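Each reported figure results from applying straightforward, stated rules to the coordinates on display, with no laboratory input. For clarity, every value in this text was computed on a predicted model and none was experimentally measured. Note that we place each Cβ from the backbone using ideal geometry, even for glycine, and neighbour counts take in every protein chain shown.
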Number of protein chains: 2
Amino acid sequence: MAAIGTRPVSAPGWTGQPRTDVAIVDCDVHHSLTKNEDLLPYLSRVYRERVADYGFLLPGSGYFNAPKRAVRPDLSDGCDVNGDAARKRGTSYESLREVHLDLWNVDYAILTGGNMYSAGVIPDPEYASALCRAFNDWTIENWIAKDSRFKMTMAIATSDPRLAVQEIDRIADHPAVVGIQLPTGARLPYGNRFYHPIWEACERHGIAVSVHPGAEGAGMAGPPTGVGYPTYYLETRLARPQMAMAHCVSLICEGVFERFPRLKFAFVEVDQFWVPGLMWHLDADWKSLRDQTPWVKRLPSEYFREHIRIGSQPLEEPEQPEHLLTMLEAMHADETLIYCSDWPHWDWDDPATTFPRLPEHLHRRIFADNARELFNL
Amino acid sequence: MAAIGTRPVSAPGWTGQPRTDVAIVDCDVHHSLTKNEDLLPYLSRVYRERVADYGFLLPGSGYFNAPKRAVRPDLSDGCDVNGDAARKRGTSYESLREVHLDLWNVDYAILTGGNMYSAGVIPDPEYASALCRAFNDWTIENWIAKDSRFKMTMAIATSDPRLAVQEIDRIADHPAVVGIQLPTGARLPYGNRFYHPIWEACERHGIAVSVHPGAEGAGMAGPPTGVGYPTYYLETRLARPQMAMAHCVSLICEGVFERFPRLKFAFVEVDQFWVPGLMWHLDADWKSLRDQTPWVKRLPSEYFREHIRIGSQPLEEPEQPEHLLTMLEAMHADETLIYCSDWPHWDWDDPATTFPRLPEHLHRRIFADNARELFNL
């Protein structure tokens, strides 16, 4: 592997060369409602009336994020944090196009939403499904229609798999839909057979499953760590890899990728460098304990490398920079890592300076090819 | 660092050289009741009578471990798994001395018990404390008295910190007591202020806190992952690092090591190579979010390196052997790693073949010096 230098990755927008191929797929671009009320026209009358009485009742988990509602400080321009200008800066199509898509010459942006991550931990699955349906229709009309670079992972509530499958069947064949979007927060790990009808529908439509932090510790999700509720927001950020680990292990041990051999998952914004240790321990333990899960027919790491993708943001920064390439090699980043910006949040990673100069092949896999294969772009 | 070779580490017992210094401290040796009833003489009449009616009611978590009740197959000699001979082979002092302490020339063995890990998730704290007290007295009379190489981490139930402190005050100054023993399974992460009186007592007596898998998903502990209950035992093994991560992050973010600057924790049998990524992410996030936890005054990784130790067993085996030294370097193993055998369980690690040949300094830190400092040996 090439040595690590200090030269920034040259995104196409920096080189001034004409575009020749897909070079940047950003797998985590948040598009948001400016206000929840924008959803009302997409909801049936019964929910419009209830929401008028009680609000949307989207469960939160009670931790303060960073100032300015977690939007990039450089975008908020010193405006009133709750004012229209500040929020628009991070949430409007125009600011996204100007400050991100055009600036970096992003080829595809996967719109991952955010407002509906906690729908699945609302007790009432009919209402949760109605919210997701409304958000999906709103996304198609107000975002997808505006820019051919947009793809979307559709909002889904898992609390009633039958309703989830109905929504997938309704719009998954829309050319912009490349996956479903789930939160890390869940009552059961994602390998559990409770979810299998949803995975079957995703495989049938050829779309992926993207999982992003959200809903942990909220609503019906239960404590966000295996040892109860942490106290501070900082702790919940470190709980993200823990939840991703639990989901990945569950998917492999329950044999999900034997049942659905074309299904792929992306775990986004959950750190990266827990992956090698998890693969190594899981492989070793499987050799000793595989009589308990005979449907797991191959080394667990093989399923991981074939079926699970990991978002690059926030990229963990080694204390010794030369450890980065070893970590990337150990996690098979050429197969598993996908570039994510996390637009427009304060801890976002731009495509030019996040990584040091990488070997050409690895660079292409992380910034474009892994995501193109994952989302059939 | 020296290259990795194939020559096994030479434990003192293998070289035939005279002993010159403490060379092996084994920080995880399980001593067990042959049958729970051995505890009865150490319990008060009220509990003896209840136990006669209902049994010990120690909560389990409902996952099958490996065959032969998880004891090393090479020790069970083909005996009936539940027979006296088989169990004695793994649980008697004589077999421990013969097959482990004398064979490998172990200088100190920290007796970590096991039977009482789930005491703290019993609903009734008075009964839980009585069980721990009985187990501690039984340990001192039946194990500590037999061999000067034995030290112990005393059993403690956390469900009533006041009772825990009473038990610590009762026996922590016994020369064999070097710490308290807690399970990873917990209702609240160990940084929570609920536990601080216990940490105060440990610091006051100069003893450490050892945390070992147990009680996860059992009794009052709640789900053992941040996304609910996994299905298979194999998954629960991979949940161990997740729980350790949550505890470590909690200890640092709650400022435990600012309040108790001489307190040290050991997390044992929870894997190892999640440590670098956790340190890196926590340091980066702390720089951005430290206004939310102003009592965390230094880089989180500094608290980790000073106050938290990680057991070596089961050692994660890199797919590419040359990655091992990088991982050890990245986790500051010369400060953080302590040798553990996990006697007498099937996945144990002996002192001679677990590691490749390590640099002399690193070898001494892992096998002896880190543990000597941790436990004041």
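The trypsin sites (Lys or Arg not before Pro) found in region B:265-298 that occupy coil by DSSP, while having at most 15 further C-beta atoms within 10 Å, are B:LYS297, B:ARG298. Separation of region B:259-317 from region B:91-162 is 27 Å, based on Cα centroids. Among beta bridges identified by DSSP and lying wholly in region B:20-375, the antiparallel ones come to about 5 percent.
Listed by Cβ neighbour count within 10 Å, with the fewest neighbours leading, B:VAL121, A:VAL99 appear as A:VAL99, B:VAL121. If R0 is 41 Å, the Cβ-Cβ spacing of B:HIS174 and A:GLU319 corresponds to a FRET efficiency of close to 0.55. Between rounded, prolate and oblate, where does region A:93-246 land on the alpha carbon gyration tensor, with a ≥ b ≥ c its root eigenvalues, rounded for a/c under 1.5, else prolate if a/b exceeds b/c? The shape class here is oblate.
Nearest 5 percent is fine: what portion of the DSSP beta bridges confined to the protein assembly as shown is antiparallel?
So the antiparallel bridges amount to about 5 percent of the total.
For region A:248-309, what D do you get in µm² per second when you plug the Kirkwood radius from alpha-carbon pairs into Stokes-Einstein at 25 °C and 0.890 mPa s? Taking Rh from Cα pairs, D becomes 206 µm²/s.
Estimate the FRET efficiency between B:HIS196 and A:ASP21 by the formula 1/(1 + (r/R0)^6), using the beta-carbon distance for r and 60 Å for R0, to the nearest 0.05.
On the way: r = 58 Å, r/R0 = 0.97.
With R0 = 60 Å, the Cβ-Cβ based efficiency is 0.55.
Set the Förster distance to 45 Å, then compute FRET efficiency between B:VAL46 and A:GLU126 from the Cβ-Cβ distance, nearest 0.05. Here the calculated transfer efficiency is 0.30.
Checking the Cα-Cα distances for B:LYS35/B:LYS68; A:LYS35/A:LYS264; A:LYS68/A:LYS264; A:LYS35/A:LYS68; A:LYS287/B:LYS35 against a 23 Å cut-off, the pairs over it are A:LYS35/A:LYS264; A:LYS68/A:LYS264; A:LYS287/B:LYS35. When you restrict to C-alpha pairs under 8 Å that are six or more residues apart and normalise by the size of chain B, the relative contact order lands at 22 percent. Over all directions, what mean area does the Cα convex hull of region A:145-229 project, stated in square nanometres? Its Cα hull, projected and averaged over all orientations, spans 6.2 nm². Over region A:204-317, the pair-distance histogram of Cα-Cα distances with 5 Å bins from zero comes to 2, 11, 20, 21, 19, 15, 9, 3, 0 percent, rounded to whole numbers. Distance between the modelled labels on A:THR353 and B:TYR93, one decimal in nanometres: 6.5 nm (7 Å Cα→Cβ projection). In the distance distribution for region B:20-375, Cα-Cα pairs more than 36 Å apart total 16 percent.
Along its principal axes, region A:151-196 has C-alpha extents of 31, 20, 14 angstrom, given from the largest down.
Computed over chain A with a Gaussian network model linking Cα atoms closer than 10 Å, the most mobile of A:CYS340, A:CYS253, A:CYS27 is A:CYS253. With the gyration tensor restricted to C-alpha atoms of the protein assembly as shown, the semi-axes of the equivalent ellipsoid amount to 47, 29, 24 Å, longest first. Rg over Rh for region A:262-377 works out to 1.00, both radii taken from alpha-carbon positions and Rh defined as the Kirkwood radius.
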